[in-house]
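Single-structure report; data block below.
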Amino acid sequence: MKHYKPTTKSRRNTSGIDYRKIVTTSEPHKALTKGFHRGTGRNNTGRITTRHKGGGHKRLHRDVDFLFDKFDVPFVINTVEYDPSRSGFIGLVTYKDGEKRYTLLHNSAKVGDENVVSEKAPIIPGNRMPLGNMLVGTFVYNVELKHRGGAKLARSGGNYVEILAKDGGYVDVKLPSSEVRKVPANAWATIGEVSNNENRLVKLGKAGRSRWLGIRPTTRGTAMNPVDHPHGGGEGRQGRGRRRAISIYGKPTGKGQKSRRAKKYSNKFIVSRRRVGKR
């Protein structure tokens, strides 16, 4: 972590990642980049569907491989790079046949490491194989939800999924949210933890850094009028006037509220629901 001298009020509370000690290059591989329009929380008619999004610094999209469809061909990590669109570090890898791709790196990855995507791969960080071929207790990331469906789970900096048990063609895994879920045994995953586990310790320090990230200000519901929010109104400071906290749309939110749909299609795969509220 990098801590700053308190030259201003905001600098006193600011901390960040010391990228100079980790990142090996500042220029991405041009063939694997492209421009794109960032999400601003609006739908095709221009209405706000996700609040507090918009603005932010312009970004260059890196085409990161989450499908991993090149099997039994070893690859070598060439670089460790920063990706503005994700919290983990990515790396440019070169396969033995000469193809280059970007991949999400594990926490102990360094330039020169060699890994492989194979059903019979050694159980070392960075190798990728089906969940059914791994040992119970293994930490994995880039986990698929179905066979050859592409990595969907545990892709943020420092995250990992723990393998708890195997039974009946499924593997029970514990997600970062504490939810225990069944995943098909033939779904693939990468061994290890996602890089940049210090990301959660970063203190932005000032409102401006949030705006650079594309995060717009959040106004408390209690500070609004009754016409604008269910928590609004009242003379002076008031309680919310209801048992459960709800959003501007009237849906349960925060404070340990359950927000999962009662008839969601994936309920049959949930072994244990995530813990909500204070940990």
field: Principal axis dimensions, region 1-160 - Cα atoms, whole angstrom, descending
entry: 53, 46, 36
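Which value in deg cm²/dmol, rounded to the nearest 500, describes the helix-derived mean residue ellipticity at 222 nm for the chain, given -39,500 (n - 2.57) per DSSP H run of n ≥ 4 and division by the residue count?
On the way: 2 runs with 10 residues, N = 279.
The helix-only estimate for the chain comes to -500 deg cm²/dmol at 222 nm.
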field: 5 angstrom amide H check on V171, placed H, neighbours 5+ away
entry: V183, A185
- request: Just name one of G256, A189, S87: the one whose Cα is farthest towards the positive end of the charge dipole of the chain (beta-carbon charges, Lys/Arg +1, Asp/Glu -1).
  value: G256
message: Let me spell out the model: positive unit charges on the Cβ of Lys and Arg, negative unit charges on the Cβ of Asp and Glu, origin at the Cα centre of region 1-118. What dipole size does that give, in debye rounded to 20?
response: 1220
- line: Given unit charges at Cβ for Lys, Arg (+) and Asp, Glu (-), the dipole magnitude of the chain about its Cα centre in debye, nearest 20, is 2140
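Please identify the GluC sites (Glu not before Pro) of region 77-124 that satisfy two criteria: DSSP loop assignment and at most 14 other Cβ atoms within 10 Å. Which are they? Kindly include the intermediate steps, with their values, before the conclusion.
Details: sites: E81, E99, E114, E119; in loops: E99, E119.
Hits after loop and neighbour filter: E99, E119.
Once you sort the root eigenvalues of the Cα gyration tensor of region 186-265 as a ≥ b ≥ c, which label holds: rounded (a/c under 1.5), prolate (a/b larger than b/c) or oblate (the other case)? The partial results should precede the final answer.
Details: a/c = 3.06, a/b = 1.46, b/c = 2.09.
Taking the square roots of the gyration eigenvalues as a ≥ b ≥ c, region 186-265 is oblate.
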- line: Of the residues S156, V117, L105, the Cα lying farthest along the dipole of region 32-159 towards its positive end, which is defined by charges on the beta carbon of Lys, Arg, Asp and Glu, belongs to S156
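Under the 0.36 nm per residue contour assumption, what length would be gained going from the current alpha-carbon distance of H57 and E198 to full extension?
Values: separation 141, 0.36 × 141 = 50.76 nm, distance 2.23 nm.
Taking 0.36 nm per residue and subtracting the Cα distance, the gain is 48.5 nm.
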field: Among F71, T49, H61 the positive-end extreme of the charge dipole of region 32-124 (Cβ point charges)
entry: T49
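Filter the trypsin sites (Lys or Arg not before Pro) in region 78-116 to those in DSSP coil with at most 11 other Cβ atoms within 10 Å of their Cβ, and list the result.
Numbers: sites: R86, K96, K100, R101, K110; in loops: R86, K96, K110.
Loop-located and lightly packed - K110.
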- prompt: What trypsin sites (Lys or Arg not before Pro) in region 124-197 are in a loop by DSSP, with at most 16 other Cβ atoms within 10 Å of the Cβ?
  reply: K146, R148
message: Taking semi-axes √(5λ) of the Cα gyration tensor in Å straight from the coordinates, which label in (1) 37, 27, 18; (2) 33, 23, 17; (3) 30, 21, 18 is the correct one?
response: (1)
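Throughout, read-outs are computed from the coordinates displayed, never taken from laboratory work. From a predicted model like this one, the values you see are computed outputs, not experimental measurements. When we count neighbours, we look across all protein chains shown, and the Cβ atoms used for this are built from the backbone with ideal geometry, even at glycine.
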